[in-house]
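First comes the structure, then the notes that go with it.
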Amino acid sequence: MAKNFLTQIFGSRNDRLLKQYRRVVEQVSALEQQFEKLDDEQLRAKTQEFKDRVARGEALDALLPEAFAVVREGSKRVMKMRHFDVQMLGGMALHNGKIAEMRTGEGKTLTATLAVYLNALSGHGVHVVTVNDYLANRDAQWMGRLYNFLGLSVGVNLPQMSRQEKQAAYGSDITYGTNNEFGFDYLRDNMVYEPADRVQRGLNYAIVDEVDSILIDEARTPLIISGQAEDHTDLYIAMNRAVPLLTRQEGEADPLTGEGVTKPGDFTVDEKTHQVFLTEQGHENAEAILANLGLLPEGASVYDPANITLMHHLYAALRAKHLYHRDQHYVVQRGEEGQLEVVIVDEFTGRLMAGRRWSDGLHQAVEAKEGVPIQPENQTLASITFQNYFRLYAKLSGMTGTADTEAYEFQEIYGLETVVIPPNRPSKREDQLDRVYKTTREKYEAAIQDIRECHERGQPVLVGTTSIENSEIIDQLLTKVGLPHQVLNAKQHAREADIVAQAGRSKMITIATNMAGRGTDIVLGGNVEKAVEAVEADEALDPAARQARIAELRTQWQQDHQSVVQQGGLRIIATERHESRRIDNQLRGRSGRQGDPGSSRFYLSLDDPLMRIFAGDRVRAIMDRLKMPDGEAIEAGMVTRSIESAQRKVEARNFDVRKQLLEYDDVANDQRKVIYQQRNDIMDAADLSAQIASLREGCFTDLVRQFVPVESVEEQWDLAGLEKVLADEWGIVLGLRELVQASTAITDEDILEKVIAAAHQAFERKVAEIGPQNFTQFERVVLLQSIDVHWREHLAALDYLRQGIHLRGYAQKQPKQEYKREAFELFGQLLDSVKNEVTKVLMTVKVQSGEQLDQAAEDMEERAEHISNITYTAPNETGEAESRLDESTAARSAVGVGAALAAGEVPRVGRNDPCPCGSGKKYKQCHGKLA
Ligand code: ADP
């Protein structure tokens with residue numbers, strides 16, 4: 001009450017904003033006469049003038065009235081449409097990074113042009129996001145005429161495009177495309193190895209059409225790119241044969257004297273750190289054995305840049321054999337499909353960790369050792385939710401017919417304010433009260449009766465459903481009673497758009513799910529423009545005949561339109577309420593455009609899920625009180641209100657679920673940002689020696705501190721151990737013990753410095769021999785690859801952690817806190833692994849020439865980019881996830897190859913199907929869990 005009272009006095013925030021905006025509209029309109037006088041050339045020249053002014057530092061806000069006036073004038077000339085004043089209000093809301101709620105048919109497509117034009121003047125690109133490719137194409141072409149007229153370029157970003165085509169699309173002033181494609185491009189751009197392979201050029205400003213469906217309905221399903229790394233099956237098997245040929249050394253050798261070994265051998269095993277090391281002799285033998293097995297070219301070294309992965313595999317095989325024991329660390333058992341699998345045993349609880357795999361090729365090495373099938377290394381390569389993708393834009397805005405019910409969520413999660421824009425002409429649609437029946441059968445009978453009456457009158461009907469199943473029921477019922485109708489399921493956008501465009505014709509009955517035919521205007525009397533265009537394009541007719549034919553069409557349409565208006569316009573009928581009021585409003589909004597008449601009615605029954613769970617008891621009580629006979633419906637404001645309050649409850653619950661998920665996702669999101677930032681810095685850097693040196697320093701500090709703790713005294717030092725590791729693993733021979741004997745004043749810090757200096761020296765010597773310019777690219781590829789490999793393993797680990805974390809609840813722990821803590825720890829491990837691995841590879845690689853290094857970098861890059869079975873998973877139009885297979889990324893980079901994929905099948909993932917990420921779990925238990 002108090003709130004209403006205050007609103008009456010001061011006006012709502014919405015009113016105040018609109019008032020502000022209206023003053024600007026007056027400025028825009030005041031410019032109209034002046035701009036009308038400009039010829040086309042002069043009008044177009046305004047664009048360059050504005051661009052120059054922006055480049056000189058003028059704020060876009062200051063330019064707004066003039067820019068909007070130019071767009072309006074341009075639209076009048078090329079589109080024959082003059083932006084309504086309310087569309088100007090919408091354009092301002094969009095420019096100000098808000099959500100413009102404008103009802104269906106208010107012309108959001110045209111509204112967007114205002115903010116798009118203004119923001120494109122900065123030259124940083126504007127993305128217009130639509131829900132499907134059909135709309136992206138349609139809007140780009142439709143509005144492209146206006147942009148081109150004004151001198152701005154427009155691109156469309158489509159899935160089947162080659163890299164070059166995409167770069168051109170993103171390079172345009174304005175880029176239209178779907179949310180999926182923008183998101184996937186972002187992920188792919190963070191998987192490339194060369195800056196020139198990126199397609200996007202920053203995320204400056206986006207206008208999201210149907211923003212509620214993208215940021216709310218689809219927000220929970222992540223975009224996932226998954227695939228298989230190179231197939232190393234043969235290598236694992238061969239390595240497994242090499243391992244028994246190497247012998248284990250007993251006893252420890254002193255690095256300087258070489259004494260202490262009781263039985264010489266090829267490798268040592270350190271049970272404590274779970275590591276295996278090759279000895280000098282081991283290296284030589286290993287090279288001979290690998291050469292024998294045909295894995296290593298005669299005379300080549302395992303330390304050649306081209307053979308780095310061989311060493312990796314050899315170590316994995318040695319560890320599998322000597323450190324991982326069956327029935328202790330793992331068991332071998334039959335999986336769901338009957339094949340033998342290696343299943344990890346949790347070392348603390350003894351529980352079997354089905355589905356979990358050791359990383360770094362270890363799992364495959366164990367599979368090779370056990371002779372069970374080696375499973376493909378299919379993994380998630382990258383993923384992001386729409387929520388997190390769209391929050392990356394410097395400025396974000398959106399438009400939809402239905403945002404107000406979710407205004408709180410937009411504000412809370414995205415910081416987006418919703419502005420309700422009044423309609424150009426007040427709606428004359430009559431939204432009738434719900435009719436509630438006792439049984440489902442009665443409900444359908446009543447709905448069909450209503451449809452029949454409309455049909456007999458000649459009034460068009462749109463029957464809205466929330467699912468394909470429900471569409472099918474109505475389809476069958478209508479067929480049974482012999483009423484002609486069309487069914488749309490959001491499967492063929494272009495064809496369905498044509499059908500929906502004619503859904504306003506007399507006697508039409510159209511059944512559509514809430515996704516079908518979105519974005520297409522239902523004109524009473526049908527859409528005449530297509531027919532007019534066909535006549536205009538008809539070469540067989542002479543101009544006079546053409547004009548006559550068009551006039552005829554328009555007269556006919558005028559009559560049809562009038563007659564449908566008289567029948568009451570488009571009637572909306574539904575047989576269920578959606579969980580969310582917003583979706584119901586979307587359906588109603590298809591009728592009553594631009595001041596058209598129309599009406600809507602929902603037919604419900606006490607058996608509907610929403611009623612059963614939330615509102616049934618109350619409504620039944622009301623029915624009983626009124627002593628309603630069977631077959632009759634109740635229709636009362638009280639009932640409709642209690643249904644809406646039930647919907648509100650469900651909406652609130654769904655919001656909570658989304659928010660929870662977001663909090664989990666935030667963790668991965670922060671880490672992704674760090675990794676991607678690093679990757680980009682590495683790709684763009686001209687020289688990496690400083691970064692590499694800092695990794696080296698970190699790596700050797702960790703190493704030294706294992707033997708010489710911080711602020712420790714000489715008695716605590718294990719210098720012999722340190723010398724041994726330095727010599728064995730790093731080829732750095734240092735007489736640290738001699739040094740300490742020679743001087744008494746040496747501290748742990750001195751030792752650390754000494755070792756680091758020696759490490760730097762060793763590396764710099766190598767670089768100096770070859771020349772630094774060859775090293776940079778090699779360093780870059782090694783770094784990128786190491787980051788990618790460990791990041792992907794980290795993604796799998798986070799997934800696993802998230803799935804298991806709810807179990808922690810029992811241990812009186814806060815699952816979310818626990819998750820954050822462990823995710824943080826895992827991330828630290830990831831960074832450590834990268835640091836150590838990169839240092840190791842670069843320190844131990846033996847290089848003969850710069851060309852050899854270049855070649856190695858090129859090969860590594862090619863191998864890393866060669867990923868097979870790339871699958872893209874995204875939420876589809878019906879809210880479920882869908883996947884599409886792609887060729888390798890390498891193929892993607894070739895011009896034109898993409899087009900061949902265009903016609904590719906798009907399989908839909910059922911809840912019980914295997915998850916497309918390749919985890920081997922059911923979709924509902926894996927990525928589908930988020931949905
Ligand atoms: P929405 O997306 O808001 O439902 P659309 O962008 O599809 O609406 O536009 C609905 C219809 O209104 C289109 O046929 C369009 O041509 C027409 N329209 C939009 N703005 C104007 C205008 N200013 N003057 C005349 N017709 C307009």
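The values are calculated or read from the model by the stated rules, or taken from the named source; none is laboratory data. The structure displayed is predicted, hence computed values, not measured ones. Glycine gets a Cβ as well: all are built from the backbone with ideal geometry, and neighbour counts include every protein chain shown. All accessible areas refer to the heavy atoms of the entire protein, side chains included, with ligands and DNA or RNA removed. Shrake-Rupley method; radii C 1.70, N 1.55, O 1.52, S 1.80 Å.
Applying a threshold of 7 Å to beta carbon distances and a minimum spacing of six or more residues, or different chains, the list of pairs starting in segment 92-107 at a residue that is more than 14 Å from Ala403 (Cα to Cα) and ending at one that is outside any helix (DSSP H, G or I) and more than 7 Å from the ligand (Cβ to nearest atom) reads Gly97/Lys395; Gly97/Leu396; Gly97/Ser397; Glu106/Pro423; Glu106/Asn424.
Table: residues versus (1) within 30 Å of Arg356 (Cβ to Cβ); (2) in a helix (DSSP H, G or I).
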residue: Thr268; (1), (2): yes, no
residue: Ala291; (1), (2): no, yes
residue: Leu296; (1), (2): no, no
residue: Ser301; (1), (2): no, no
residue: Tyr315; (1), (2): yes, yes
residue: Glu337; (1), (2): yes, no
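Applying the condition of being β-branched (Val, Ile, Thr), more than 21 Å from Leu18 (Cα to Cα) and in contact with a Gly (Cβ under 9 Å, 6 or more places away or on another chain) to segment 38-77 and asking which residue is farthest from the ligand (Cβ to nearest atom) yields Val54. Take the conditions (1) buried (at least 23 other Cβ atoms within 10 Å of the Cβ); (2) under 22 Å from the mean Cα position of the chain (by Cα); Ala368 misses just one of them, which is (2). If you go through segment 447-469 and keep only what is out of contact with any strand residue (DSSP E or B) (no Cβ under 8 Å at 6 or more places or on another chain) and open to solvent by less than 50 Å² (accessible area, probe 1.4 Å), you end up with Ile448, Gly458. In the set (1) outside any loop (DSSP other than H, G, I, E, B); (2) within 13 Å of the ligand (Cβ to nearest atom); (3) closer than 24 Å to Val419 by Cα, the condition left unmet by Ala93 is number (2).
Out of the residues in segment 373-395 that are of a type in the set (A, V, I, L, M, F, W, C) and closer than 30 Å to Leu235 by Cα, state the one that is nearest to the chain's Cα centre (by Cα). So that I can check it myself, show each step before the final result.
Of all residues in segment 373-395, those of a type in the set (A, V, I, L, M, F, W, C) come to 374, 381-382, 384, 386, 390, 392, 394.
Restricting the remaining residues to those that are closer than 30 Å to Leu235 by Cα gives 374, 381-382.
Values: Ile374: 30, Leu381: 12, Ala382: 9 Å.
Per the criteria, the residue is Ala382.
Please find, within segment 485-541, the residue that is nearest to Asp212 (Cα to Cα) out of those that are among the aliphatic types (A, V, I, L, M), in a helix (DSSP H, G or I) and without any contact (Cβ under 8 Å) to a residue 24 or more places away in the chain. Of everything passing the filter in segment 485-541, Val500 is nearest to Asp212 (Cα to Cα). Conditions: (1) within 30 Å of Glu635 (Cα to Cα); (2) in contact with a Phe, Trp or Tyr (Cβ under 8 Å, 6 or more places away or on another chain). Pro422 meets all but one. Number of the miss? Result: Pro422 passes all but (2). Condition check: part of a helix (DSSP H, G or I), at pLDDT 95 or above and open to solvent by 80 Å² or more (accessible area, probe 1.4 Å). Does Arg16 satisfy that? For Arg16, the condition - part of a helix (DSSP H, G or I), at pLDDT 95 or above and open to solvent by 80 Å² or more (accessible area, probe 1.4 Å) - is not met.
If you check Arg429, Arg425 for being within 16 Å of the ligand (Cβ to nearest atom), touching a Gly at 6+ places or on another chain (Cβ under 7 Å), open to solvent by 60 Å² or more (accessible area, probe 1.4 Å) and at pLDDT 85 or above, only one passes: Arg425. Looking at the structure I just gave you, is Lys80 assigned to a loop (DSSP other than H, G, I, E, B), open to solvent by 20 Å² or more (accessible area, probe 1.4 Å) and near the ligand (Cβ under 10 Å from one of its atoms)? Yes. When segment 556-607 is filtered for residues that are open to solvent by 30 Å² or more (accessible area, probe 1.4 Å), within 16 Å of Glu453 (Cα to Cα) and in a loop (DSSP other than H, G, I, E, B), only Gln567 remains.
Of the listed requirements (1) touching a residue at least 24 places away in the same chain (Cβ under 8 Å); (2) outside any loop (DSSP other than H, G, I, E, B), Asp630 misses just one: (2). If you check Gly398 against the conditions, is it open to solvent by less than 30 Å² (accessible area, probe 1.4 Å) and not in a helix (DSSP H, G or I)? Against the criterion (open to solvent by less than 30 Å² (accessible area, probe 1.4 Å) and not in a helix (DSSP H, G or I)), Gly398 qualifies. Against the conditions (1) at pLDDT below 80; (2) open to solvent by 60 Å² or more (accessible area, probe 1.4 Å); (3) more than 40 Å from the chain's Cα centre (by Cα), Thr349 satisfies every one except (3). Among the numbered criteria (1) away from the ligand (no atom under 16 Å from the Cβ); (2) within 29 Å of Arg138 (Cβ to Cβ); (3) crowded, with 19+ Cβ neighbours inside 10 Å; (4) of a type outside the set (D, E, K, R), which single criterion is violated by Ala516? For Ala516, the exception is condition (1).
Does segment 405-415 contain any residue that is in a loop (DSSP other than H, G, I, E, B), crowded, with 19+ Cβ neighbours inside 10 Å and touching a residue at least 40 places away in the same chain (Cβ under 8 Å)? Among the residues of segment 405-415, not one is in a loop (DSSP other than H, G, I, E, B), crowded, with 19+ Cβ neighbours inside 10 Å and touching a residue at least 40 places away in the same chain (Cβ under 8 Å), which makes the answer no. Looking across segment 355-374, the residues that are in a loop (DSSP other than H, G, I, E, B), touching a strand residue (DSSP E or B) at 6+ places or on another chain (Cβ under 9 Å) and touching a residue at least 12 places away in the same chain (Cβ under 8 Å) come down to Gly355, Arg356, Arg357, Trp358, Val372, Pro373. For segment 130-140, the criterion of being among the basic types (Lys, Arg), more than 24 Å from the chain's Cα centre (by Cα) and over 17 Å from Phe390 (Cβ atoms) is met by no residue. What's the number of the condition Ala115 fails, among (1) within 16 Å of the ligand (Cβ to nearest atom); (2) touching a strand residue (DSSP E or B) at 6+ places or on another chain (Cβ under 6 Å)? Here Ala115 meets the rest and fails (2).
Has segment 535-555 got any residue that is within 16 Å of the ligand (Cβ to nearest atom) and open to solvent by 50 Å² or more (accessible area, probe 1.4 Å)? The answer is yes; a qualifying residue exists. Sort out which residues of segment 31-63 are open to solvent by less than 80 Å² (accessible area, probe 1.4 Å), of a type in the set (A, V, I, L, M) and more than 19 Å from Met143 (Cβ to Cβ), and write them in order of number. Those that are open to solvent by less than 80 Å² (accessible area, probe 1.4 Å), of a type in the set (A, V, I, L, M) and more than 19 Å from Met143 (Cβ to Cβ): Leu31, Leu38, Ala45, Val54, Ala59, Leu60, Ala62, Leu63.
In the list Lys108, Lys98, which residue meets the criterion of being under 30 Å from Ser213 (Cβ atoms), modelled with pLDDT under 95 and either out of contact with any Cys (no Cβ under 8 Å at 6 or more places or on another chain) or within 14 Å of the ligand (Cβ to nearest atom) (or both)?
Sole residue among the options that is under 30 Å from Ser213 (Cβ atoms), modelled with pLDDT under 95 and either out of contact with any Cys (no Cβ under 8 Å at 6 or more places or on another chain) or within 14 Å of the ligand (Cβ to nearest atom) (or both): Lys108.
Residues in segment 559-594 that are over 30 Å from Glu409 (Cβ atoms) and either of a type in the set (Val, Ile, Thr) or away from the ligand (no atom under 16 Å from the Cβ) (or both): Gln559, Asp560, Gln562, Ser563, Val564, Val565, Gln566, Gln567, Gly568, Arg571.
With respect to (1) in contact with a Phe, Trp or Tyr (Cβ under 7 Å, 6 or more places away or on another chain); (2) at pLDDT below 85, the lone exception for His866 is condition (1). Of all residues being under 22 Å from Lys428 (Cβ atoms) and over 27 Å from the mean Cα position of the chain (by Cα) in segment 519-534, which is nearest to the ligand (Cβ to nearest atom)? Just the residue, please. Out of the qualifying residues, it is Asp521.
Answer yes if at least one residue in segment 596-603 is more than 16 Å from the ligand (Cβ to nearest atom), of a type in the set (Phe, Trp, Tyr) and within 37 Å of the chain's Cα centre (by Cα), and no otherwise. Let's see the steps before the verdict.
Going residue by residue through segment 596-603, those that are more than 16 Å from the ligand (Cβ to nearest atom) are 597, 599-603.
Filter once more, keeping what is of a type in the set (Phe, Trp, Tyr): 602-603.
Right, trim to within 37 Å of the chain's Cα centre (by Cα) and you get 602.
Taking every residue of segment 596-603 in turn, at least one turns out to be more than 16 Å from the ligand (Cβ to nearest atom), of a type in the set (Phe, Trp, Tyr) and within 37 Å of the chain's Cα centre (by Cα).
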